[in-house]
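Report on the structure given below.
Derivation of every value follows stated rules applied to the coordinates shown; laboratory data play no part. This one's a predicted model, so the numbers in the text were calculated from it and none came from an experiment. Because the Cβ atoms are built from the backbone with ideal geometry, glycine has one as well, and the counts that use them run over all protein chains shown.
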Amino acid sequence: MKNVYIYENDFISLLNLIFYLLKNKLKPENIKNEFYTPSLFENNITLTITKNEKNIEWIIKNIGKYSMKSIYYVFLSEEENKELIIYYFLLNALKYRQKIMYHRNLKCVSEVLRISEYVIHESHKMKGFLRFKELEKNILYAEMEPTNDILYLISCHFNSRLKNELWIIKDNRRKIISIHDKKQFIIVKEKDFEISTQKESINEKNIENLWKTFYKTIGIKERKNDRCRMNFMPKKYWKYITEVKKEL
Amino acid sequence: MELQEKLKILADSAKYDASCSSSGSNRKNKDGIGNAASSGICHSFASDGRCISLLKILLTNCCIYDCKYCLNRKSNNIKRAIFTPEEICTITLNFYRRNYIEGLFLSSGIIKSPDYTMELLIKTISLLRNKYKFNGYIHAKAIPGCNPKLLKQLGSLVDRLSANIELPTENGLKLLAPSKESKNISQIMEYVKNNQNKKYVPAGQSTQMIIGATKETDFEIMNQSSSLYDKYKLKRVFYSAYVPINKDNLLPSLEQPPLVRENRLYQADWLLRFYNFKVTDLLDSKNPNFNILLDPKTDWALRHLNEFPKEINTCSYYDLLKIPGIGVKSAKRIITSRKTFTIHIEDLKRMGVVLKRAKYFILCNGKYVTNKDNFKKEYIEKNIVLGDFSHIEQLRLF
């Protein structure tokens, strides 16, 4: 039987679990979140671990803030074995400490770098591709379906950019919503929050049409290049992009 | 006239400006709306594949000049429009709130006089900044021949200020834009360079030139760029392939804008700014134009094959940069990595090296990656060109 260690589906729980495994020299065959259904040859193990901030501080002290951020990005990804990658990264980081990132020849390091770059990249793209609609009562409302769990990352971005606005961003893939009330934002499950109005403001269609006009006009016909456009703006995002969704 | 139609006219007249970058400024949101992201953010991509990050419009397409290449020249019989400052603010803010754009790119035809046009630009942008507390990115065009006082005002409101040199040489300008004087353009650049700081044009200045409307060679163009970078500390020179809009005896008649040439110029521009190349490394008066089939770096490497292959584990940073298929990022990764381990060929891929190109030019631990007998100019050239070509063909199939 393979031992699969189970953590509650959040980053702090995962780190506490890995800390425990490392300390007790337990080698996991896999680490998965609480929703995981084991196969016939797997055995789920749920340990009762007290969450301790000191464990996290200890990890940061040993691997440095940069590495900590990187494994957080990996955690936000949809990579199949992300937990094991983080485990092996931390195992090696205990040996190489802050120099761990220079060891690109280790698979766990190159994987952490590859995946974290991918997450940062998608988050950066979404900062541009996200489209708000204005609902009644001046509420800005956006939906998206990103590959990675970037709702928190982009909420931080709009928290300072649109700080005097009420806005809501919904991740349709994970069924979670970020709500901003002009002071701060919180992220909640879709089922725990009902949006009072879904009606667009009177001005909305008008502005959308202005934007579509601009979009159509700004492309130079003699330089038309669909392949290039698609490389930069992959089709998987088009569903929510006001100016191109009709082209799908 | 309806706002929709105005926007159509004034975006259409602005679209030939190549610059769209929104990077280099980190203006904060001081209790208003918007901030600048120092990396720049692309919000959309137009049908021509160019990034849209700014609302790129003209304040007006009325113009007192008659520059041959320009859509808005006085003698063209086209619909004219002018935005009011409030209209520009409304569109910008509404687009920005919906995250359509990263900011505003405001240029203008010259109406009445350079000073009058500048004053209109200043009025519009200060309304946006002060009344509406807009802290997003703004790129404005400075109007050549205006009073330096106005340059001072406009520059302290925007993130980037630019003046287009339009054509690569003064002769070209005299031929096609006789009312524009190159000294007026360089005066703006000089002024911005001398005053640039965190509060004045924080994202620096850029310029653009039209490629293929006049007869300059790539060598002349690159020399001009290189001297602009040196003299005025420009952030970017943009190259805009000439799109034949007007018919004129002085203009060439082209079927297609010279897009490959434009691409080669951008590649070479990068080599100048980040790869430590000089114009004379790439071109000379006997060889004044870039190879259309090969990128400038590969072309250079094939002409200097005696300097290759280079050993990945020992050669200097600048030597790494000279290897086709290795960029600034991968070169830096190689340098930091090889302090801790010996780099093998399989590590290179993970560092972002394009092996398809690099493999002909490198040694890894003393070993040439492909067959040593094939280390010949003709062989490598043929393979790279054919490789690129089959790649293009594959793309076309889809």
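B:Lys6 sits among other residues whose Cβ lies under 13 Å from its own Cβ, and their net charge, with Lys and Arg +1 and Asp and Glu -1, is -2.
Is any residue of the stretch B:27-58 close enough, with backbone N under 18 Å, to a label point placed 7 angstrom from the Cα of B:Lys199 along the Cα-Cβ axis, and if so, which? Of the residues in the stretch B:27-58, B:27-31 have backbone N under 18 Å from the label point off B:Lys199.
With the highest mean first, a sort of the peptides B:135-143, A:146-154 on other beta-carbon atoms found within 10 angstrom per residue produces B:135-143, A:146-154.
Charge dipole of the protein assembly as shown (Cα centre as origin; +1 on each Lys and Arg Cβ, -1 on each Asp and Glu Cβ, all else neutral): 1060 debye, rounded to the nearest 20.
Per-residue ellipticity at 222 nm computed for chain A from its helices equals -14000 deg cm²/dmol, with DSSP H segments shorter than 4 residues left out and the rest contributing -39,500 (n - 2.57). The label-point distance for B:Asn249 and B:Lys123, in a model that sets each label 7 Å from Cα toward Cβ, rounds to 4.1 nm. Placing a label point 7 Å from the Cα of B:Thr84 along the Cα-to-Cβ direction, the residues of the stretch B:1-36 whose backbone N falls under 18 Å from that point are B:1-8, B:10.
When both bridge partners sit in the stretch A:130-201, DSSP labels roughly 70% of those beta bridges antiparallel. The antiparallel fraction among DSSP beta bridges confined to chain A stands at about 50%.
The value for the protein assembly as shown of Rg(Cα) / (2.2 N^0.38 Å) is 1.07.
Comparing B:Arg27, B:Arg261, B:Arg98 in a Gaussian network model of chain B where C-alpha atoms under 10 Å apart are linked, the largest mean-square fluctuation is found at B:Arg98. With a cut-off of 13 Å between beta carbons, the residues surrounding B:Cys89 carry a summed charge of +3, where Lys and Arg count +1 and Asp and Glu -1.
Out of all Cα-Cα pairs in chain B, roughly what percent, to the nearest whole number, are more than 38 Å apart? Cα-Cα pairs of chain B separated by over 38 Å account for 28 percent. Scanning chain B for cysteines with no neighbouring cysteine C-beta under 4.7 angstrom from their C-beta gives B:Cys20, B:Cys62, B:Cys63, B:Cys89, B:Cys146, B:Cys315, B:Cys364. Normalising by residue count, the stretch A:130-201 has a Cα convex hull of 82 Å³ per residue. Would you mind checking the stretch B:228-247 for residues with the amide N under 18 Å from a putative spin-label position 7 Å along Cα→C-beta of A:Lys224? Taking a point 7 Å out along Cα→Cβ of A:Lys224, the residues of the stretch B:228-247 whose backbone N falls under 18 Å are B:243-245.
Computed log10 I(q)/I(0) for chain A at 0.15 Å⁻¹: -1.12, from the Debye equation with unit scatterers placed on every C-alpha and solvent omitted. Cα-based radius of gyration for the stretch B:235-315, normalised by 2.2 N^0.38 Å, reads 1.40. For B:Thr217 and B:Glu378, the FRET efficiency from 1/(1 + (r/R0)^6), where r spans their Cβ atoms and R0 equals 30 Å, is about 0.70. Note on chain B: helix-only mean residue ellipticity at 222 nm, from DSSP H runs of 4+ residues weighted -39500 (n - 2.57) and normalised by residue number, equals -11500 deg cm²/dmol. In the stretch B:3-282, the DSSP beta bridges split such that about 10 percent are antiparallel, to the nearest 5. Distance between the 7 Å Cα→Cβ label points at B:Ser316 and A:Asn9: 5.5 nm. Short-range pairs are left out: with C-alpha atoms under 8 Å and at least six residues apart, the relative contact order of the stretch B:119-255 is 23 percent. Rounded to the nearest 10 degrees, the angle from helix B:85-97 to the longest Cα principal axis of chain B is 40 degrees.
Here the extension length gained between B:Lys149 and B:Glu307 equals 51.6 nm, from 0.36 nm per residue of separation less the Cα-Cα distance. Only one residue of A:Leu153, A:Trp167, A:Thr197 has its Cα farthest out toward the positive end of the dipole of the stretch A:130-201, where Lys and Arg carry +1 and Asp and Glu -1 on Cβ, and that residue is A:Leu153.
Annotation for the stretch A:180-204 versus the stretch A:19-40: alpha-carbon center distance of 37 Å.
Placing dummy labels 7 Å off each Cα toward the beta-carbon, the span from A:Ile195 to A:Ile45 is 4.5 nm. Cross-link pairs exceeding 27 Å between alpha carbons, from the set B:Lys297/B:Lys329; A:Lys127/A:Lys245; A:Lys235/B:Lys133: A:Lys235/B:Lys133. Could you list, in their original order, any pairs among B:Lys56/B:Lys235; A:Lys125/B:Lys233; B:Lys356/B:Lys377; A:Lys23/A:Lys54 whose Cα atoms are separated by more than 22 Å? Listed pairs above 22 Å: A:Lys125/B:Lys233. With the alpha-carbon atoms of the stretch B:296-397 aligned to their principal axes, the span from lowest to highest coordinate is 43, 30, 23 Å, starting with the largest.
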